[in-house]
Amino acid sequence: MEVITKHYIDGAFVESHGREVMNSINPTNGQVIARITLGDEEDARRAIAAAKRAFVSFGRTTKEERMEILGRLHKAVSARTDDLTKTMVEEYGGVVQFSTLIVQAGAEVFLSAEKALGELPLTRSWGKTTVTLEPVGVAGLISPWNANAFFLCMKLASAVAAGCPVVMKPSELSALQTSVWLECIHEAKLPKGLCNVVSGRGDVVGAELVRNPDVAKISFTGSAAVGRSITREGAATMKRITLELGGKSPNILLDDADLKKAIPNAFIIGFLNSGQACVAGTRLLVPKSRFEEAKQVIVDTSPGFPVGDPADPKTAVGPMVNQKQYERVQSYIRRGIEEGAKVLIGGEGHPPGLESGYFVKPTVFVNVTNDMTIAREEIFGPVLSVITYEDEEDAIRIANDTEYGLHAYVSGADIQRVRRVASRIRAGRVAINGMLDDQQAPFGGFKHSGVGREFGTFGIEAFLEPRAILE
């Protein structure tokens, strides 16, 4: 069993000042695989002080110097993608197909940030006025447990590109993954204090980052409830804040969609990362005229998305991250049944033969109306709600009838029509005819899905402040 007692501060692995210890549990079998010593406020303050010292020099680096560092980070993380993937499968239960892709995407994000920085003008002039984009200062980066390596890479890449030293607080549920990732960061030989990482609880380490006056910027990915709290608390010290929060993404199948293609795509989108994904398309909107056909295709498709051992390449849905998340998903399945939705596939309880881990049955509800709890709230599990609509206008109305606006999906044969519908959806990203990504495109949400954007030049600009010099 592995024991982790150190954080990464000022370019070195240092013993934790905090003394609270938690167990890391393999969600596939419920076995304890590590003991983690969590950081406290003092660990966070030491990390903030190191980042503050580093800002004196790193905040004045050139674009070319930062691009060179991003290249080193890419090389260091790319060399350990197999180890990062293996640890994600073990500690988190991420299916190996998804884990492999998301870890590789994390490594690639450094190159994407390098490219974006090269294209971003940091100085603009007219007449006798010069405007420069200046790094905002020390950044606190708070990331979730559902794609640890990717979020750490993505947030660090944007901050480094902007010239901001960081203090990172990854989820304590991802301590083993973070430990491997930190070995990569150390291998990259960054300037001392540029990247500091303290594993600990959000209400301890995260809270210190939010209230500490030496932290100028917070970038947070997580729940809407915590995002609202960060906004309130951060206002006391005028924090610049980027929030990527929850989603209840609609997936609209137009009446000319090829259901034999669109519904397998809907399974991929809805059960992405075992449903533990903010971008998961968990509301599947189908035309009433094709409802019976859609139900049959769903039933026929479901065997191709088996639940099981996440290390098996054939597995599409793995366990939930822990017992708490398992119980949360079960409560939503029960709520759906109580409110009148019909279980088409799946349902309550463990899948047969998988009782020892935190596995749930991949579940598809039909006869769902958009006012039901399972259609309103983010479940964060493999639960898909099928909602019928009358016509195109009704589909758009239902899609936008949510407090969230992170992602959306539209499928259909007439591409001009699909684009027209996509342009009317209130979401930060809308993908057409499948699950798509572009690391240069802005990522973030409307409404309760967050504030600000990440990725590409948009993500770098979130760590910059304009300064005008007039003669």
Checklist (1) farther than 17 Å from Leu111 by Cβ; (2) out of contact with any helix residue (DSSP H, G or I) (no Cβ under 6 Å at 6 or more places or on another chain) applied to Glu41, failing item: (2)
Matching residues in the stretch 210-238 - criterion: being surrounded by fewer than 23 Cβ atoms within 10 Å (Cβ to Cβ) and either charged (D, E, K, R) or at pLDDT below 95 (or both): Arg211, Asp214, Ser223, Ala224, Ala225, Arg228, Arg232, Glu233
Residue match in the stretch 173-188 (condition: free of Cβ contacts under 8 Å to residues at least 60 places away in the same chain and closer than 21 Å to Ile33 by Cα): yes
Among (1) under 17 Å from Ala399 (Cα atoms); (2) buried (at least 19 other Cβ atoms within 10 Å of the Cβ), the one test that Gly381 misses: (1)
Selection within the stretch 338-366 - farther than 30 Å from Gln31 by Cα and either surrounded by 15 or more Cβ atoms within 10 Å (Cβ to Cβ) or in contact with a strand residue (DSSP E or B) (Cβ under 6 Å, 6 or more places away or on another chain) (or both): Glu339, Ala341, Lys342, Val343, Leu344, Phe365, Val366
Residue in the stretch 225-243 that is part of a strand (DSSP E or B) and in contact with a helix residue (DSSP H, G or I) (Cβ under 7 Å, 6 or more places away or on another chain) present: yes
Residues of the stretch 313-333 that turn out to be in a helix (DSSP H, G or I), in contact (Cβ under 8 Å) with a residue 12 or more places away in the chain and loosely packed, with under 15 Cβ neighbours inside 10 Å, as a count: 1
Residue check, Gly459 in contact with a helix residue (DSSP H, G or I) (Cβ under 8 Å, 6 or more places away or on another chain), under 23 Å from Ile218 (Cβ atoms) and without any contact (Cβ under 8 Å) to a residue 60 or more places away in the chain: no
Residue that is surrounded by the fewest Cβ atoms within 10 Å (Cβ to Cβ) [pool: residues in the stretch 22-45 that are under 19 Å from Ala207 (Cα atoms) and free of Cβ contacts under 8 Å to residues at least 40 places away in the same chain]: Glu42
Subset of the stretch 195-240 (residues that are of a type in the set (Gly, Ala, Ser) and under 19 Å from Ser171 (Cβ atoms)): Ser199, Gly200, Gly202, Gly206, Ala207, Ser219, Gly222, Ser223, Ala224, Ala225, Gly227, Ser229
Elements of type helices (runs of 4 or more DSSP H) contained in the stretch 35-131, each with 2 or more residues being over 29 Å from Gly381 (Cα atoms): 41-58, 63-78, 96-119
Some residue of the stretch 176-183 being within 25 Å of Phe110 (Cα to Cα) and assigned to a strand (DSSP E or B): no
Residue in the stretch 81-95 that is surrounded by fewer than 24 Cβ atoms within 10 Å (Cβ to Cβ) and touching a His at 6+ places or on another chain (Cβ under 8 Å) present: no
Residues of the stretch 414-471 classified as farther than 28 Å from Leu156 by Cβ and either part of a loop (DSSP other than H, G, I, E, B) or of a type in the set (Ser, Thr, Tyr) (or both), total: 8
Met22 vs. criteria closer than 28 Å to Tyr92 by Cβ and more than 27 Å from the chain's Cα centre (by Cα): no
When residues of the stretch 246-263 are limited to those that are assigned to a loop (DSSP other than H, G, I, E, B) and under 25 Å from the mean Cα position of the chain (by Cα), the one surrounded by the fewest Cβ atoms within 10 Å (Cβ to Cβ): Gly246
Top-ranked residue in the stretch 191-204 [being touching a residue at least 60 places away in the same chain (Cβ under 8 Å) and out of contact with any Leu (no Cβ under 8 Å at 6 or more places or on another chain); ranked as farthest from Arg19 (Cα to Cα)]: Pro191
Long-range neighbours under 8 Å by Cβ, at least six apart or interchain, first residue more than 30 Å from Arg417 (Cβ to Cβ) within the stretch 237-252, second at pLDDT below 95: Leu245/Ser223; Leu245/Ala224
In the stretch 266-307, residue nearest to His407 (Cα to Cα) [restricted to those that are touching a Ser or Thr at 6+ places or on another chain (Cβ under 7 Å) and assigned to a helix (DSSP H, G or I)]: Gly270
Search result, residues across the stretch 248-281 that are farther than 11 Å from Tyr409 by Cβ and of a type in the set (Val, Ile, Thr): Ile263
Any chance Thr85 is more than 16 Å from the chain's Cα centre (by Cα) and β-branched (Val, Ile, Thr): yes
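The values are calculated or read from the model by the stated rules, or taken from the named source; none is laboratory data. As the structure is a prediction and not an experimental result, all values here were calculated from the model. Cβ sites come from the backbone with ideal geometry, for glycine too, and all protein chains shown count toward neighbours.
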